[in-house]
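Below is one structure; the comments refer to it alone.
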Amino acid sequence: MPHVTMPDGVRLYCEEAGTGTPVVFVHEYAADYRTWEPQMRRFARDHRCVTYSQRGYPPSDVPEDPARYSQDIARDDVIALMDALSIGKAHIVGHSMGAYTALHVGMTYPQRCLSVTAAGCGWGSTPDAAQREAMKALAAETGRMFAEEGIVSAAAKYADAPMRQTQKNKDPRGWAEFARMLSEHSATGHALTMLNLQLKRPTLWEMEEQLKAFSVPLLVIVGDEDFPCLDGSLFLKRTVPTAGLLVVPRSGHTITSEEPDIFNAALADLFAAAEAGRWMSHRPPT
């Protein structure tokens, strides 16, 4: 199986399909490289598509040292992966945890980005101090759940969370596939990722000044039933000068597979506009 070695020696599993302008897909906390199959099949027709499993997610390595996990490391893994594959610039498409990482790539390495997509972005991010502490407590509890209960039990509970109910009721077959893939992950990887990346990353509001300077075309996508991510998505639209916002009705958090036709159509429009230098063409010249 194809693996790429990061600067610290951790090996990440990746798959490629298609030729053309590169696209790198960055998965969410409850996903892996397989989650992007609806997008790989669509965009490999005219793009060079890359999907990978992040550190802590088999068949990538699962480091047991907590210091091997952080938001900055996740960000730099994207760039190291691109370097190893000789990709100079790419569309960076992230979902949830991966959306945060995609934003960090766009803020820190704008010269490597053709565009950034942040889908389902905002969980755990709030300007309210009390709510923020409650979200951090929930993140710590989730990390402990994976560490103590093991992957099968913890995955079953996590897959059945409120933000997944829309897909479960709308598309039981798709939700069952999502839950099955989650149950095949690493409990250690999930615990360490939650406790050292998600729990410690800055909120969107704490990144406000950096986001105001964001220069890469940005597409924000959120389901209207994805309540933990609605405020953050609106904040991104209001704050990032290059942001476009798509709110998908009757949809929850797992938007990439819950509504792949809508999601793919939005990506296709973004890619075409960004590649033509026309993403902001709706605004008058200044």
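A few notes on this one:
- For the chain, built as a Gaussian network whose Cα springs stay under 10 Å, the top-fluctuating residue of Leu270, Leu138, Leu182: Leu138
- The simple spin-label model puts a point 7 Å past each Cα toward its Cβ; for Ser70 and Gln165 those points are separated by 3.8 nm.
- FRET efficiency for Asp128 and Val247, using Cβ-Cβ distance with R0 set to 22 Å, rounded to 0.05: 0.50
- Under the combined filter of DSSP loop state and at most 13 neighbouring Cβ atoms within 10 Å, segment 116-199 retains none of its trypsin sites (Lys or Arg not before Pro).
- Only DSSP H runs of four or more residues enter the estimate; each adds -39500 (n - 2.57), and after division by the residues of the chain the mean residue ellipticity at 222 nm equals -13000 deg cm²/dmol.
- Of all beta bridges that DSSP places with both ends in segment 3-275, some 20 percent have antiparallel geometry.
- Legend: P(r) of segment 3-275 from all alpha carbon pair distances, 10 Å bins from 0, whole percents, reading 7, 32, 40, 19, 1.
- Summed residue charge, Cβ within 11 Å of Val24's Cβ, Lys/Arg positive, Asp/Glu negative: +1
- Cα-Cα pairs of segment 1-132 separated by more than 25 Å (percent): 20
- Using the Cβ-Cβ distance between Val152 and Arg41 with R0 set to 35 Å, the FRET efficiency from 1/(1 + (r/R0)^6) comes to roughly 0.75.
- All aspartates and glutamates inside 19 Å of Lys212 as judged from Cα atoms, apart from same-chain residues fewer than 8 positions distant: Asp231
- Overall shape: oblate for segment 134-245, with the ratio a/c of the largest to smallest alpha carbon gyration tensor axis at 1.5 or above and b/c at least equal to a/b.
- Exceeding the 30 Å Cα-Cα cut-off - candidates Lys136/Lys157; Lys157/Lys200; Lys89/Lys237; Lys89/Lys136; Lys200/Lys237: Lys89/Lys136
- Taken along the Cα-to-beta-carbon direction at a fixed 7 Å, the label points for Thr108 and Arg278 span 3.4 nm.
- At R0 = 25 Å, FRET efficiency that the Cβ-Cβ distance of Trp205 and Ala137 yields, to 0.05: 0.85
- Averaging the sequence gap over all C-alpha pairs within less than 8 Å and six or more residues apart, then dividing by the number of residues, gives segment 71-142 a relative contact order of 28 percent.
- Compactness of segment 62-220, expressed as Rg and Dmax over alpha-carbon positions, Å: 16.5, 45
- Relative contact order of the chain, pairs being alpha-carbon contacts under 8 Å that are 6 or more residues apart, as %: 19
- The residues packed around Gly150, meaning those with a beta-carbon under 13 Å from its beta-carbon, carry a net charge of -1 if Lys and Arg are +1 and Asp and Glu are -1.
- Label-point separation, Thr188 to Lys237 (7 Å along Cα→Cβ), nm: 4.3
- Averaging Cα coordinates gives a centre for segment 2-50 and one for segment 156-179; these two points are 23 Å apart.
Every number here is computed from the coordinates shown, using simple stated rules; none is lab data. As the structure is a prediction and not an experimental result, all values here were calculated from the model. Methodologically, a virtual Cβ is constructed for each residue, glycine included, from the backbone with ideal geometry; neighbour enumeration extends over all protein chains shown.
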